[in-house]
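Every read-out reported here was derived from the displayed coordinates using simple, explicitly stated rules and does not represent laboratory data. Everything numeric in this text was worked out from a predicted model, so none of it was measured. Here the Cβ positions follow ideal geometry from the backbone for every residue, glycine too, while neighbour counts run over all protein chains shown.
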């Protein structure tokens with residue numbers, strides 16, 4: 001059993017500090033991605049509104065429709081798992097190619113690249 005001041009506490013504190021730093025870095029990455037997605041959504045909405053005459057009501061109705069696709073009106077989109085067309089393994093959403101066989105993810109689209 002580690003004794004106070006015997007080094008075990010400082011090692012545990014160091015590990016905790018490392019985990020906290022990792023969590024902060026991940027939170028920053030998530031925040032950056034949210035900002036990029038928000039910017040893309042704002043740009044798309046402005047283009048659509050200016051060029052098509054769609055209204056805020058149209059947009060909100062479509063948001064609700066998409067939200068309900070996973071069966072719950074909760075303001076979230078359930079992640080869909082994609083399978084590689086070559087090896088049929090689940091493809092990582094974080095990579096542009098299959099991690100197993102290298103097949104490019106041609107379905108990533110604009111949102112998959114953000």
Compute the helix-to-body angle for 56-67: its Cα long axis versus the longest principal axis of the chain, expressed 0 to 90° and rounded to tens. 60
If you work out mean projected area of the Cα convex hull in nm² from the coordinates, which of (1) 12.5; (2) 9.1; (3) 6.5 do you get? (1)
May I ask you to compute the full-extension gain from residue 82 to residue 56, defined as 0.36 nm times their residue separation minus their alpha-carbon distance, rounded to one decimal in nm? 6.2 nm
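What does the extension gain come out to for residue 41 and residue 90, with contour length at 0.36 nm per residue minus their alpha carbon separation? Each step should come with its number before you reach the end.
Values: separation 49, 0.36 × 49 = 17.64 nm, distance 2.73 nm.
So the chain would gain 14.9 nm between residue 41 and residue 90.
Can you tell me the FRET efficiency between residue 66 and residue 34 if r is taken as the Cβ-Cβ distance and R0 is 25 Å, rounded to the nearest 0.05? Let's see the in-between values first.
Values: r = 17 Å, r/R0 = 0.70.
Efficiency at R0 = 25 Å is approximately 0.90.
Considering Cα pairs under 8 angstrom that are at least six residues apart, work out the relative contact order of the chain and quote it in whole percent.
Details: 50 pairs, mean separation 14.9, N = 114.
It rounds to 13 percent for the chain.
What does the extension gain come out to for residue 106 and residue 17, with contour length at 0.36 nm per residue minus their alpha carbon separation?
On the way: separation 89, 0.36 × 89 = 32.04 nm, distance 3.99 nm.
Difference between extended and current length: 28.1 nm.
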